[in-house]
Structure formats: structure tokens, C-alpha cells
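Take a look at the structure set out below.
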Amino acid sequence: MGKTLQSKVISGSVKFAGCALAVAAAFASAPAAAWEPTKPVEFVVPAGTGGGADQMARLIQGIIVKNKLMKQPMIVVNKSGGAGAEGFLEIKGAKGDPHKIVITLSNLFTTPMATGVPFSWHDMTPLSMLALDQFVLWVNADSPYKTSKDFAAGVKAAGPNKTKMGGTGSKQEDQILTVGLGKAIGTKFIYVPFKGGGEVAVQLVGGHIDSTVNNPIEAVAQWRAGKLRPLCVFDEKRMDYKEKVTDTQSWADIPTCKEGGIPTSYTMLRGIFMPPGVTKEQTEFYLDLLKKVRETPDWKDYMEKGAFNQTVMTGPEFTKWLEKTETMHRDLMKEAGFLVQ
């Protein structure tokens, strides 16, 4: 081989080796692909259809599809058995499965306390508080009660166990609030449980019950249609939303129950959890997904129409809130006599 040709071969070999090393180095330094679902994700709703949790889950599902935020489909599944225990136990038993998530209500706390089912929020992986839901005291539009003060005076005058209060489930948020409302007024209600807030609103429209403590989103359609009347909101301050829902009223126009002389308040969690034993990368995928959902116009519109308290928490802050709220519910359940013996 001639000297010139030999030099070219050696030079070419060196360049090829250099390129190969550069490519190898590039692959070595490139970050690993972020985790994402590899099959359909099951979105568990531990409550019946039509209620606030069901509506929120289906909205999230729709936003994800509309905006193509996830490659795999998301399937909403209602598992309301045992006051939501069916859904929670499924998530607890799906250790390490990143293809299941659950939307939680405050039955996250109340169900195990009332039933003794072997479950607590510690058995799942907390992801995020999406919002806090309000409770509103509703009556039929034909009711003689125009204010919460009228209502309190009327039901107290009627005597104990004369007024039917409809709500979702037994020994859960609605019934706990009903007991607290009765104590604040100085009477007792006949509590009538239904499977979901949608059914509760329909029953009130039909006159089969006298009042409800439904969430805003569960009764807004009937309010807008002139079938129901809101008397007060169970919070420390009025809701912020000032756009008219009916011809004459906005959410902000509804006084607090305390303004009407009823000293009681209560808000409810809307949060997302995963099974135990999932990885940090898997939780990060869903946290990012939920952040994208919250940034959409559809979500912001839903928050306003449902008059939600738009508090968002993740990480240690959310865990601390869960611990505090669990203690609060235990105290309320004990006072109401709902703790399992």
C-alpha cells in the first residue's frame, strides 16, 4: 500500500471512530424517555353517576381527549359500592399499577370511619388537590322559605324529624353536614340518602324531599331553570363568582349560612390519588397531565360555573392538609355518632 493511500485509510479510520464515539456519547448523555401510560388508564369514581365527583372525572376525561394530552385513552368507571369503599379498595389493591387513578371526595375519610372497611388514604399515593367543593342549602323554588333565616325558623317550628333532607350516601359528607345543621338550628332532620347528587337534585325538584345540601355543580342546572332556590353557602365567606347564573343572581349573591344565623360550615375535597407503590416518574406524568388540564379554558369555565374554591395542593403541603382534615372528620363523625363501634 502506498504511503499516501495508507495515510488516507488511517485518517478515515480515525474520523469514523471519532464519529462513533460522538454518537455513543450523545446517546449516553440523552435523558431517558419520560414515563407515560402504555395501555388505557382507568379513572375510578368512588360514587354514583351524575354527582360532583362523576362530573369532574368526565370533564377531565373530555379535556384530555379534546386537547390530545395523553396517547392512551382514559376510561371513567363508577364504583360506588359500600359508600365508595369498592373504588378505594380497588386502588389499594392495585399496588404498583400506574394505569389506575381515583378521584376522591371527603368519603376518603368518612367511609372507613363509618364502615370499618380496612382502608385509609395512607393506602394510596396522594397526587393533587384539584379544588374544594362548596355545599349549598337548597329548597324547591315553590318552597315558602326565601332565606336561610326563614328556613331555620320554619323547620324548628315544625319540630324534630318533620323535614326531609336529601343527600348523597349515608354517614358521609351530606349527612354529617345535615346533623351539624340540625344542631345549629336546634332540631333534627329526616335524612334521605340517594346514590348521587344528580338524583338528589331531581328528587328535590319533584317535591319528594324538602331540602338538600347539594354541591353547586349538582344543582346549577335546576337553579338556572327556576326549579330550585339556594338559601346559603356553608363556608366562612361568600363565593367569588359574580357572573349571573339566573337573570337576577350570581353565586356571589348567595349569603353564607352564618349570615342567616346558622353557625356551621363545611367544604369537600376534590383530589386525585394513585395506587401505592408507583414510581416518582409515574406520579410526575399525572401531575403534569393535571396541570395541563387546569390550564385549559374548559376547566376554568367549569370551575366558575361550579363555584369551586380553586385551591390546588401537591406534595408535603397536600399530605399535611390530608392529615389535618382526617382528624377533623374523625371529630365530626364522633360527635354525630357515626364512628363504627
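Rank the residues PHE234, PHE318, PHE189 as a footprinting-exposure proxy: fewest other Cβ atoms within 10 Å of their Cβ go first.
PHE318, PHE234, PHE189
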Which residue, chosen from GLY159, ALA33, ASN67, occupies the Cα position most advanced towards the positive end of the dipole of the chain, where the dipole is computed from +1 (Lys, Arg) and -1 (Asp, Glu) charges on Cβ about the Cα centre?
-> ALA33
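Decide, for the chain, between rounded, prolate and oblate: order the square roots of the alpha carbon gyration tensor eigenvalues as a ≥ b ≥ c, take rounded if a/c falls under 1.5, and otherwise choose prolate if a/b is larger than b/c, else oblate. Could the numbers behind the result be given before it?
Working: a/c = 3.33, a/b = 2.43, b/c = 1.37.
Cα axes put the chain in the prolate bin.
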Applying the span-like rule to the chain (DSSP H, Cα extent along axis at least 20 Å, Kyte-Doolittle mean at least -1.0) gives 3-29, 52-66, 280-294
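Mean separation of Cα pairs under 8 Å and 6+ residues apart, divided by the residue count of the stretch 136-260: what relative contact order is that in percent?
31 percent
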Rounded to the nearest Å, the spacing of the alpha-carbon centers of the stretch 188-227 and the stretch 280-341 is 24 Å
Quick note, the stretch 192-273: a/c under 1.5 would make it rounded; otherwise a/b > b/c is prolate and the rest oblate (a ≥ b ≥ c, C-alpha gyration tensor); here it is rounded
Give the shape of the stretch 264-341 as rounded, prolate or oblate, defined through the alpha-carbon gyration tensor: a ≥ b ≥ c are the square roots of its eigenvalues, a/c under 1.5 means rounded, and otherwise the shape is prolate if a/b is larger than b/c and oblate if not.
-> oblate
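Filter LYS92/LYS334; LYS79/LYS171; LYS39/LYS68; LYS227/LYS300; LYS156/LYS188 down to the pairs with a C-alpha to C-alpha distance above 20 Å, please. Please list the in-between numbers first.
Values: LYS92/LYS334 25 Å; LYS79/LYS171 18 Å; LYS39/LYS68 15 Å; LYS227/LYS300 26 Å; LYS156/LYS188 8 Å.
As for pairs spanning more than 20 Å Cα to Cα, those are LYS92/LYS334; LYS227/LYS300.
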What full-extension length gain, to one decimal in nm, is calculated for LEU69 and ASP301 as 0.36 nm per residue of separation minus the Cα-Cα distance?
-> 81.7 nm
With θ set to phi - 60° and the Karplus curve 6.51 cos²θ - 1.76 cosθ + 1.60, what are the ³J(HN,Hα) couplings of the stretch 227-239 in order, to the nearest whole Hz, using x for Gly and Pro?
-> 9, 10, 10, x, 9, 6, 10, 8, 9, 6, 9, 5, 6
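What size of dipole, in debye to the nearest 20, comes out for the chain about its Cα centre when the only charges are +1 on Lys and Arg C-beta atoms and -1 on Asp and Glu C-beta atoms? Write down the numbers at each step before the final one.
Working: 40 positive and 34 negative charges, 130 e Å.
So the dipole magnitude of the chain works out to roughly 620 debye.
Every number here is computed from the coordinates shown, using simple stated rules; none is lab data. Owing to the predicted nature of the structure, the values given are computational and were not obtained by experimental measurement. Don't worry about glycine lacking a Cβ; one is built from the backbone with ideal geometry, like all the others, and counts go over all protein chains shown.
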